[in-house]
Structure formats: C-alpha cells, structure tokens
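Asks: Next up is a structure, given as structure tokens.
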Amino acid sequence: MSGNILAKRAPRATALIVACGFLFGGAAWAGKPATLSIAIHNADYDAGFVHVALYDKASWISSVAQPVRTASRHPGGNVTIIPLADVKPGKYVIEAYQDRNNNGQIDEDEPHGISQNACRRKSECHPSFPDAYVTVKAGDNAISIDLD
C-alpha cells in the first residue's frame, strides 16, 4: 500500500521540485540579459579593425587573461560602435584596440584603451579590476572608450 501512496504523490512532488527550480533558479540569472553598446573614439578611419574584449574579474586578474566575449568591427567615422548582445549582467573590464596592420595583436604603435579610461597603452599598465570595471545591468547599456 505504501508504494501506491508514493506513486500518487510523485507527480505533485515532481511539480513542486520543478516549480522551485524555476523560482529559485531564475533568481540566480536575474531575468533578462544585457545588451552593451561600446562606443570607441579616436580610431583611424578605414585602417584595420577595432577589437574589443570583455573580461570578468576572474579572467582579468588571471596570468593568462582570456576574455569572456570578443567582437570586432571595421572603423568608420569619428566613433565606432561595437554592439554585444546577450551579455550576462555583471562587472567587466573592457579592453579595445585598433589593429591597424591586422596581425591579431596589440603593437606598441596601435591605439589602445580600457574601460573607465583607466590606462591607455597596454605596455604602460594593466589596471586593477576595481580601477577599470564597468557594471553591466539587465537591459541596454552604453559605455565609451577613448583610444590613445
């Protein structure tokens, strides 16, 4: 008889577990993702590509920094806008540079910038996460980075 009772309660228990998973699991993601519009200023018109890299705290302070997201766009005009969709809300450092010679790396003579304009040339500094992070909230976000 006890097997029958468990069999009858199992659907309710499963429904309760599923409902709790949606309720408490949703709180961890906090709902809607973010979109980020990154305005890059001072890129040379029509020279190579502008690259941006998004770092969370763990990836920024790592000795082998691997960005959580990257994007690139051919520069055009005074401001180059690089959009990022479906970004998880949080704190990030954003690094940008213009790869004029398209060799895939930041060379000393190429324009470079970091969020909060914390420092410019990569060879001159690597700011701490608290000095350079921006907060990305759910919904639309916009930041600006000046290249040197």
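The values are calculated or read from the model by the stated rules, or taken from the named source; none is laboratory data. Being a predicted model, the structure only gives us computed values, none of them experimental. Cβ placement follows ideal geometry from the backbone for every residue including glycine, while neighbour counts extend to all protein chains displayed. What goes into the accessible areas is simple: the full protein's heavy atoms, side chains included, and nothing from ligands, DNA or RNA. Shrake-Rupley method; radii C 1.70, N 1.55, O 1.52, S 1.80 Å.
Asks: Test His51 against the stated conditions and say whether it is within 22 Å of Thr35 (Cβ to Cβ), loosely packed, with under 15 Cβ neighbours inside 10 Å and in contact with an Asp or Glu (Cβ under 9 Å, 6 or more places away or on another chain).
Replies: no
Asks: OK, next. Pull out all pairs, ordered by first then second residue, where Cβ-Cβ is under 7 Å, the residues are six or more apart or on different chains, the first lies in the stretch 69-80 and is assigned to a loop (DSSP other than H, G, I, E, B), and the second is open to solvent by less than 80 Å² (accessible area, probe 1.4 Å) and among the β-branched types (Val, Ile, Thr).
Replies: Pro75/Val50
Asks: Can I ask one more? When residues of the stretch 94-106 are filtered for being open to solvent by less than 30 Å² (accessible area, probe 1.4 Å) and either among the small types (Gly, Ala, Ser) or modelled with pLDDT under 90 (or both), how many remain?
Replies: The qualifying residues number 1.
Asks: In the stretch 44-68, which residue that is assigned to a loop (DSSP other than H, G, I, E, B), in contact (Cβ under 8 Å) with a residue 12 or more places away in the chain and of a type outside the set (A, V, I, L, M) is farthest from His112 (Cα to Cα)?
Replies: Asp56
Asks: Scan the stretch 66-80 residue by residue and report those that are within 13 Å of the chain's Cα centre (by Cα) and open to solvent by less than 40 Å² (accessible area, probe 1.4 Å).
Replies: Scanning the stretch 66-80 gives a single hit, Ala71.
Asks: Would you confirm whether any residue within the stretch 107-118 is farther than 15 Å from Leu147 by Cα, part of a helix (DSSP H, G or I) and not aliphatic (A, V, I, L, M)?
Replies: There is no residue in the stretch 107-118 that is farther than 15 Å from Leu147 by Cα, part of a helix (DSSP H, G or I) and not aliphatic (A, V, I, L, M).
Asks: Look through Asp148, Asp140 and report the one residue that is open to solvent by 50 Å² or more (accessible area, probe 1.4 Å), touching a residue at least 60 places away in the same chain (Cβ under 8 Å), assigned to a strand (DSSP E or B) and of a type in the set (Asp, Glu).
Replies: Unique residue meeting the criteria: Asp140.
Matching residues to (1) modelled with pLDDT of 95 or more; (2) open to solvent by less than 90 Å² (accessible area, probe 1.4 Å); (3) closer than 21 Å to Asp131 by Cα:
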residue: Phe22; (1), (2), (3): no, no, no
residue: Gly25; (1), (2), (3): no, yes, no
residue: Ala28; (1), (2), (3): no, yes, no
residue: Lys32; (1), (2), (3): no, no, no
residue: Thr35; (1), (2), (3): yes, yes, no
residue: Ala43; (1), (2), (3): no, yes, no
residue: Asp56; (1), (2), (3): yes, yes, yes
residue: Ile82; (1), (2), (3): yes, yes, no
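Asks: Can you work out which of the residues in the stretch 81-106 that are in a loop (DSSP other than H, G, I, E, B) and not basic (Lys, Arg) is nearest to the chain's Cα centre (by Cα)?
Replies: Result: Pro89.
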